[in-house]
1. For region 61-66, take each phi angle, set θ = phi - 60°, evaluate the Karplus expression 6.51 cos²θ - 1.76 cosθ + 1.60, and give the result in whole Hz per residue in order, putting x for glycine and proline.
2. What's the local net charge at residue 40, with K and R +1, D and E -1, over the other residues with C-beta under 9 Å away?
3. Taking amide H positions as placed in the peptide plane 1.01 Å from N, state which residues far from residue 36 in sequence (5 or more) or on other chains have amide H under 5 Å from it.
4. Per residue, how much accessible surface does the chain expose to a 1.4 Å probe? Answer in Å², no decimals.
5. Rg to Rh for region 1-60: what is it, with Cα atoms only and Rh by Kirkwood?
6. Hey, any idea what % of the chain's accessible area is carbon plus sulfur with a 1.4 Å probe?
7. Considering the dipole of region 46-134 built from charges on the beta carbon (Lys and Arg +1, Asp and Glu -1) around the Cα centre, which of 75, 59, 46 is farthest to its positive end?
8. Starting from the 7 Å offset along Cα-to-Cβ, what nm value, one decimal, do you get for the label separation of residue 111 and residue 14?
Amino acid sequence: LYSTPSDFLRLLQVLLSRGAPLLTPESCARMLSNAIGALRVPKMDPATFGSEPIDLYPGLEKTHSLAAMRLEEDHPGGRRAGTAFWAGIQNTHWWADPTSGLAGVFMTQTLPFAEAPVLAAMDRFEKAAYARFS
């Protein structure tokens with residue numbers, strides 16, 4: 001996918017507005033709800049990504065919706081349970097948190113994916129957004 005931070009923010013606004021004006025509220029809810037039941041997202045194999053083992057939000061339960069990965073628990077100081085999120089291989093991350101009404105886009109063009117300094121910077125960005133806006 002080729003896109004811009006502005007494009008991602010427009011998509012996230014649609015998700016936070018429960019689909020308006022592009023989707024019905026029911027379609028949006030179905031898109032963001034847990035689609036894999038009791039299964040949980042495990043730590044990801046580094047051979048696939050050429051990096052260290054990847055465990056986004058370690059210790060928190062994660063599932064998948066039809067649109068993205070999602071948190072099943074609150075992240076202290078940040079995302080709430082039910083938040084949808086995804087990332088691209090060059091550390092382009094987004095999240096949409098319907099509970100708090102917050103969304104964010106954090107984009108870099110770096111490798112390897114999920115490198116510790118990038119994840120730490122993203123965590124600081126997220127916590128600053130929640131501290132300021134929630």
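The values are calculated or read from the model by the stated rules, or taken from the named source; none is laboratory data. Model, not experiment: these values are computed from the prediction. Reconstructed Cβ throughout: ideal geometry from the backbone, glycine too, with neighbour counts over all protein chains shown. Note: accessible area is taken over every heavy atom of the protein model, side chains too, but ligands, DNA and RNA are not part of it. Shrake-Rupley method; radii C 1.70, N 1.55, O 1.52, S 1.80 Å.
1. 6, 10, 10, 10, 9, 6
2. Details: positive: 62; negative: 61, 72.
Result for the neighbourhood of residue 40: -1.
3. Sorted by chain and number, the residues that satisfy this are 64.
4. 56
5. On the way: Rg = 15.7 Å, Rh = 14.4 Å.
My calculation puts Rg/Rh at 1.09.
6. Values: 4530 of 7570 Å².
Accessible surface attributable to carbon and sulfur in the chain totals 60 percent.
7. In region 46-134, that residue is 75.
8. If labels sit at residue 111 and residue 14, their model points lie 3.0 nm apart.
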